Structures are given as structure tokens and as C-alpha cells.
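As C-alpha cells, the structure follows; a few thoughts come after it.
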Amino acid sequence: MTFWVALVVIVLDQLTKYYVRATMEIGESIPVIPNMWHWTYIENHGAAFGILAHQQWFFLLVVAILFALFFWYRERIPREPKYFSIAVGMLLGGALGNAWDRFYQGSVTDFFDLRVWPIFNVADIAICVAVVCFCLFFWRRGNA
């Protein structure tokens, strides 16, 4: 399950980024719901909020460590509840989707613009949902 979730995240992430790069100019913004949700094409050279700009090799190293830890501990990943292994797939897929951009372009393509939050992409959504799922899992586990 984890592998398939990661694959779906990577494919959706890369297809949406390809579409944005192919149809928009950097800095272009198209309102979907004016003043609330726009498609805004930017290239992010850092992490969330643009921190650690131009540190591609650092981020690629973090992703390599993440995958090494996954393969080292994959047999210990809880199979229940099901959302935990799905969250692991989302984290891996999101990390690899953004790492792909960093390696091949030197920056990450972002385009979801909610006007009250930094611009993000499908990989970022997957990573954030995974982190929420991990927090829920460990919170429930601690309260059981």
C-alpha cells in the first residue's frame, strides 16, 4: 500500500507541475476564486516559506536519509491503523516529488495560492497531511 500511495502522489505532483510549467509564465497568477484561491506559478529555491534558499544538496540529503530510514525500518511500520502506512506513502511521495524538482530544475514548482499562506504544490499537501496523520497516530497511541 505504501508504495502505491507514494507512486500516486509522485505522478499527481509531477503532472500538475508539468502542466503549470507548460501553460504559465513564472509569476503569472490566474484567479480560480478571486482574492481567495489563485493558480500562481513560482519557483521555490528553499523549503517551506522559502527558508534555506539554494540549499538543494541539503534537501536532497534529507530525502536520501528519509528513504534510507524507510527501507531500514519498513518491516516495523504499523499495518494498523491503515492510515499510518498511507501517511508514510504520502510522506515519501511528497518528498520524492519535490526532490525530483530540486535535482532536475534546481527549484521546486509551486502554484496553489490561497492568498493567506505561502504558495505550495501537491507534494507539499501530501507531506502536510502525512504529518497530521502521524501526529494523530502518536496522540492516540499515547492516550490508549
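The values are calculated or read from the model by the stated rules, or taken from the named source; none is laboratory data. Since the structure is predicted, the reported quantities are computational estimates derived from the model, not experimental observations. Glycine gets a Cβ as well: all are built from the backbone with ideal geometry, and neighbour counts include every protein chain shown. Remember, those area values only see protein heavy atoms, side chains included, never the ligands or the DNA or RNA. Shrake-Rupley method; radii C 1.70, N 1.55, O 1.52, S 1.80 Å.
For residue 63, are the conditions met, namely being in a helix (DSSP H, G or I), modelled with pLDDT under 95 and closer than 27 Å to residue 82 by Cβ?
yes
Within the stretch 48-58, does at least one residue satisfy the condition of being at positive phi, surrounded by fewer than 13 Cβ atoms within 10 Å (Cβ to Cβ) and either at pLDDT 90 or above or not aliphatic (A, V, I, L, M) (or both)?
The answer is yes; a qualifying residue exists.
Conditions tested, residue by residue: (1) in a helix (DSSP H, G or I); (2) open to solvent by 70 Å² or more (accessible area, probe 1.4 Å); (3) at pLDDT below 85.
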{"residue": "20", "(1), (2), (3)": "yes, no, no"}
{"residue": "43", "(1), (2), (3)": "no, no, no"}
{"residue": "69", "(1), (2), (3)": "yes, yes, no"}
{"residue": "72", "(1), (2), (3)": "yes, yes, no"}
{"residue": "83", "(1), (2), (3)": "yes, no, no"}
{"residue": "89", "(1), (2), (3)": "yes, no, no"}
{"residue": "92", "(1), (2), (3)": "yes, no, no"}
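Restricting to the stretch 101-127, give me the number of residues that are part of a helix (DSSP H, G or I), surrounded by fewer than 20 Cβ atoms within 10 Å (Cβ to Cβ) and at pLDDT 95 or above.
1
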